[in-house]
Number of protein chains: 2
Amino acid sequence: MLLAALSSSGSVAQRFEDLKKSGTSLTLRGVGSFYVGGKSVARTAAQIGLYGNGQIIVDQMYVAYMLPAKSVGTAVVMIHGGTLSGKSFETTPDGRMGWYEYFVRKGYDSYVVDQVGRGRSGFDPAKFNDVRAGVSPSGSQPNIRRIGSDTALTRFRIKQADGSDFPDSQFPLEATGELAKQVVPDMTDMYSVPNPTIPGLSELADDLTQVVMIGHSQAGRMPLEVVLLGKGNIRGIISVEPAGCTSSVYTEEQIRVLSAVPILVIFGDHLSSRQPVGANWGDALADCEAFVSRVVHAGGNASIFRPVENGFRGNSHMLMQDRNNLVVADYIIHWIERLPPKH
Amino acid sequence: MLLAALSSSGSVAQRFEDLKKSGTSLTLRGVGSFYVGGKSVARTAAQIGLYGNGQIIVDQMYVAYMLPAKSVGTAVVMIHGGTLSGKSFETTPDGRMGWYEYFVRKGYDSYVVDQVGRGRSGFDPAKFNDVRAGVSPSGSQPNIRRIGSDTALTRFRIKQADGSDFPDSQFPLEATGELAKQVVPDMTDMYSVPNPTIPGLSELADDLTQVVMIGHSQAGRMPLEVVLLGKGNIRGIISVEPAGCTSSVYTEEQIRVLSAVPILVIFGDHLSSRQPVGANWGDALADCEAFVSRVVHAGGNASIFRPVENGFRGNSHMLMQDRNNLVVADYIIHWIERLPPKH
């Protein structure tokens, strides 16, 4: 099957007819989107690059949802990683079903967000237009992050440091060009701590019942931070390939709070592969092992799942897009099914 | 019913439970997303604000789709307007069904894009990070546009110039705060002509069959430009409240090309309402009337539909979000049903 063809521009072109639609229909009782969070701030016409002084809304967060016809009564919220968007959980780069659709098919009310400052959540242009106008010094402008196409392959453990393939890679290597298209500008450097995505997720959790949060990479720790905010109806947390678990940062009191919520941390394969840039993934795993130990010691339900320990070799950082993505999802669903209900 | 409550931040908070889910289920044979277009360009680590020199993909366009279980065999592509995203066509600000879901329920394979440079399509951060680093002069930085919350209400003819309501407004006035959250940064000023969204739409049209394109406001003329590119499998064009139709710009040869494709232009009510900023909407209508005359004179099928002439008063610029949005959609569907098939 011709999955992808090299276009004249040198990038990979994917044809709609090549997407592998599911063979069975999907019946929904609801589909749509809404925003959570946001505050109104005053801006001049020059700051918003268009006519009219006035207010704009900033820090709002876009949430898309699909609700299955027959719900198991649990809501799953998916939060993408750095320089990515909610697209991470939709159709995979090679056109297979992503976790968003799969969890709906398994009966979960499913919500996919764009982090504040990213994608359809938007951002405040004032600091950029102020620099353009010469009103503010250039150094005051926030850094905008994107990850390079090839850098992502190494950082996400899709390829080895020398550019060669892992012989057992689970990532669809023929579609790395499509993954590169999913990379969008990341405005994280605009925001002070906590990133507005955290209170946004908290507000979303308050809106829902029996909430399980799945955070990936940059967002791997965000559900923990929502719990530490002291509100949010969180029944369980799945942290997929977090950049680390900041095990030594949490106070005993914080660990006690976190121990009240079941936590599953997931890591793929090849964690010791050499990284030309960025931190070592083995260190992230070790940090999370230490974190899990602290939570368990405090009486909590925390564990680490690695597909490689169940015989699945070659999982990348993008577990939700790997060829065995639905097998990994099945493990998560099995874990969710055993969670006690949240009262 | 309590639709929306004023939050402490002064913005409107919408609760998920307040969204009016459809009472009947929706059965899909496919749902997902993909990218069209895009080219690979070289950037330094400083330009992408992160480690690693290398390539990134720019000018790609995000496309979400829902395919009904029973399709009428026509694809509808929806393109949002300026400083907005594909969200325009999803759940309305007051939580009702948008055109995206409605067209699927009516049997249309439906596609909603984020214009290049907007939302999940992303943009190239290099020109911004170059200015931040002092490598480029501040004036070289592209302007970023957002429309102000109150300015949008006047420009979109949701409120009168003095801030008072139109007594007969079709827009859900209790939810203007939610509309303000849908406004995202518009990077149009980064791009030369044609905006990369045009070839992106062309590539998308080539991928599909029996394509009807619905462009709103800023995107109202884009389907015409796709046809003028000389490719694209376009069966019909609906231009919803275009900022104008550039009637005097097209050559006779271009009008001849455009006359081969059926065109419907739609305008709401209150076109003569005073605009404190921006062009007069009455001028846009007059321009489109002149355009339609030229196309009809060349033998084409072009017309203007105004709900007000069918007895519906008070439609705003955001016809896809007005209270009678599905009535307007029904008129569009009636028009589509009469189109000859595209061979």
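Brief remarks on what is shown
- Using only the C-alpha atoms, the convex hull of chain B corresponds to 168 Å³ per residue.
- Position A:A260, label points 7 Å along Cα→Cβ, spacing to each other copy in nm (shortest first, one decimal): 6.8
- Over 25 Å (Cα to Cα) - which of A:K20/A:K342; A:K159/B:K87; A:K106/A:K342; A:K70/B:K20; A:K39/A:K181 fall in this group: A:K20/A:K342; A:K159/B:K87; A:K39/A:K181
- Loss of accessible area when A meets B, both sides summed, Å² nearest 100, probe 1.4 Å: 7300
- Between B:S303, B:S202, B:S138, the Gaussian network model of chain B with springs among Cα atoms under 10 angstrom shows the greatest mean-square fluctuation at B:S138.
- Bridges between two residues of the protein assembly as shown, per DSSP, are antiparallel at a rate of about 55%.
- With 10 Å bins beginning at zero, the pair-distance distribution over Cα atoms of segment A:304-343 amounts to 28, 49, 18, 5 %.
- Projecting 7 Å from Cα along the Cα-to-Cβ direction, the label point of A:S140 sits 2.2 nm from its equivalents in the other copies, listed shortest first.
- Note on B:201-208: average number of Cβ atoms from other chains within 10 Å of each residue's Cβ is 2.
- Cα gyration tensor shape for segment A:175-283, rounded if a/c is under 1.5, else prolate or oblate: prolate
- Stokes-Einstein translational diffusion, the protein assembly as shown - Kirkwood Rh over all Cα pairs, 1.567 mPa s, 4 °C, in µm²/s: 51
- Candidates B:T209, B:T24, B:T74, ranked by Gaussian network fluctuation over chain B, Cα under 10 Å, top entry: B:T24
- Averaged over the residues of A:82-89, the number of partner chain Cβ atoms lying within 10 Å of the residue Cβ comes to 3.
- Within a Gaussian network of chain A (alpha carbon springs, distance under 10 Å), most fluctuating of A:Q210, A:Q141, A:Q60: A:Q141
- The charge dipole of chain B, taken about its Cα centre with unit charges on the Cβ of Lys, Arg, Asp and Glu (plus for the first two, minus for the last two), comes to roughly 500 debye.
- Long-range amide H partners of A:A69 with built H, under 5 Å: A:T27, A:L28, A:R29
- Averaging over all projection directions, the Cα-based convex hull of segment A:65-127 occupies 5.1 nm² in the image plane.
- Per residue, in Å², the accessible surface of chain A once ligands and nucleic acids are set aside, probe 1.4 Å: 34
- Apportionment of accessible area to carbon and sulfur, the protein assembly as shown, percent (1.4 Å): 52
- Of interest is the spacing of the C-alpha centroids, which for segment B:246-309 and segment A:131-182 amounts to 43 Å.
- Rotationally averaged projected area of segment B:150-239 (alpha carbon convex hull; nm²): 7.7
- Plainly put, the tip 7 Å out from Cα toward Cβ on A:A279 is 5.3 nm from that tip on each other copy, the closest given first.
- Estimated [θ] at 222 nm from DSSP helical runs (n ≥ 4, -39500 (n - 2.57)) normalised by residues in chain A, nearest 500: -7000 deg cm²/dmol
- Peptide B:90-97 is shielded by partner chain Cβ atoms: per residue, an average of 3 of them sit within 10 Å of its Cβ.
The values are calculated or read from the model by the stated rules, or taken from the named source; none is laboratory data. Predicted model only: the values in this text are computed from it and were never measured. Because the Cβ atoms are built from the backbone with ideal geometry, glycine has one as well, and the counts that use them run over all protein chains shown. For the accessible areas, the whole protein counts, side chains as well, though only heavy atoms, and no ligand, DNA or RNA atoms are used. Shrake-Rupley method; radii C 1.70, N 1.55, O 1.52, S 1.80 Å.
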